[in-house]
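Every number in this text was worked out from the coordinates using simple rules, so none of it is lab data. Only a predicted model underlies this, so the values are computations on that prediction, with no experimental measurement involved. FYI the Cβ positions are ideal-geometry reconstructions off the backbone, even for glycines, and counts take in every protein chain you see.
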Amino acid sequence: MQKPQMIIFDYGHTLLYEPGFNAMRCEEAAYPYIVKNPMNLTTEQIYGEVQKMFRHFNEQRKKGIEIHEWQFMRLVYEHLGIQFSISYEELEEIEWCAASEGAVMPYAEQMLNYLNENGIRTAVISNIGWSGQALTNRINRLLPDNRFEFVIASSEYAIRKPDKMLFEVALRKAGLRPEQVWYCGDSIENDVIGAHGAGIYPVLYEGDTPDEVNPFLHQNDGIEVDFDYLHIHDWREMVEILEESYAG
């Protein structure tokens, strides 16, 4: 386990999470911006159509194919004949914030401050349909002191972790070799196996959230791997490991 020059992080339930996420609120927030609704659909009816379309595309996402939020919006809303007074870029921000404003995982800020103070570079790779700009905006709003060199959203690349190409893109952006980088995430399948496949040292973070049960805590049950990785449950653990292992 080599001291990292850079640590790359997953987004959801790793750095940030989305308490009380409610997709219905997306359509409620979007409704006032509708300027054309030829079928006079209610928010509930629009929500039903959106969820039906999402289930259709989610089958492809399970196969490792990502769809961009603006593509999704364009297809589902224009299929219904709905038009808005604002751009899909603006609509995306409104809908995501309405669904959940987001929150910081416990001690993530302190951990990032430690990395910043000790010259360990940072970045993000996330499996997410929201656009890279929306993801960056959310991260910067909730973690204003971050020094992430780049944020890679799978929506911008058409593929999802564990595809090693996303990790290799990150290595090219960072100008580093795999053995110089750690990757931290909450999924063995996507994060641990994905990082290992690219030669990056994996860190599995399984932390709880302060105000609700983490719905992903049991996603790794029964999954075993035959290679070394670091397993932590609190970001303070990683700080302690870096302090103890690489002091001086």
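Observations on the structure shown:
- Taken along its principal axes, the alpha carbon cloud of region 24-99 reaches lengths of 36, 23, 18 Å, longest axis first.
- Exceedance of the 30 Å cut-off in Cα-Cα distance is limited, within the set Lys36/Lys62; Lys36/Lys63; Lys3/Lys161; Lys3/Lys63; Lys52/Lys173; Lys3/Lys62, to Lys36/Lys62; Lys36/Lys63; Lys3/Lys63; Lys52/Lys173; Lys3/Lys62.
- Kirkwood Rh, Cα atoms: Rg over Rh of region 1-140: 1.06
- Note on the chain: with charges restricted to the Cβ of Lys and Arg (+1) and Asp and Glu (-1), its dipole about the Cα centre is near 920 debye.
- Dividing the alpha-carbon radius of gyration of region 80-163 by the rule-of-thumb value 2.2 N^0.38 Å gives 1.28.
- The H on the amide N of Phe84, modeled in the peptide plane, is under 5 Å from the matching H of Val35, each at least 5 residues off or on a different chain.
- Surface/4 estimate of mean projected area, convex hull on alpha-carbon atoms of the chain, nm²: 13.5
- Given their separation in residues at 0.36 nm each and the Cα-Cα distance between them, Gln2 and Asn40 gain 7.7 nm when the chain is fully extended.
- Neighbourhood net charge (9 Å Cβ-Cβ; Lys/Arg +1, Asp/Glu -1) for His233: -4
- The charge dipole of region 24-99, taken about its Cα centre with unit charges on the Cβ of Lys, Arg, Asp and Glu (plus for the first two, minus for the last two), comes to roughly 360 debye.
- Each of Gly81, Gly199, Gly102 was placed along the dipole of region 76-231 (beta-carbon charges, centred on the mean Cα), and the one lying farthest toward the positive end is Gly199.
- Around the amide H of Leu16, modelled in the peptide plane, lie the amide H atoms of Met105, all under 5 Å away and 5 or more residues distant in sequence or on another chain.
- Structure-based [θ]222 nm, the chain - -39500 (n - 2.57) summed over DSSP H runs of at least 4, per residue, nearest 500: -12000 deg cm²/dmol
- Rounded Å value of the spacing that divides the Cα centres of region 91-166 and region 5-20: 6
- The mean sequence separation of alpha-carbon pairs under 8 Å and at least six residues apart, normalised by the residue count of region 1-88, gives a relative contact order of 36 percent.
- Amide H contacts under 5 Å for Ile159: Glu66, restricted to partners 5 or more places along the chain or on a different chain, H placed in the peptide plane at 1.01 Å from N.
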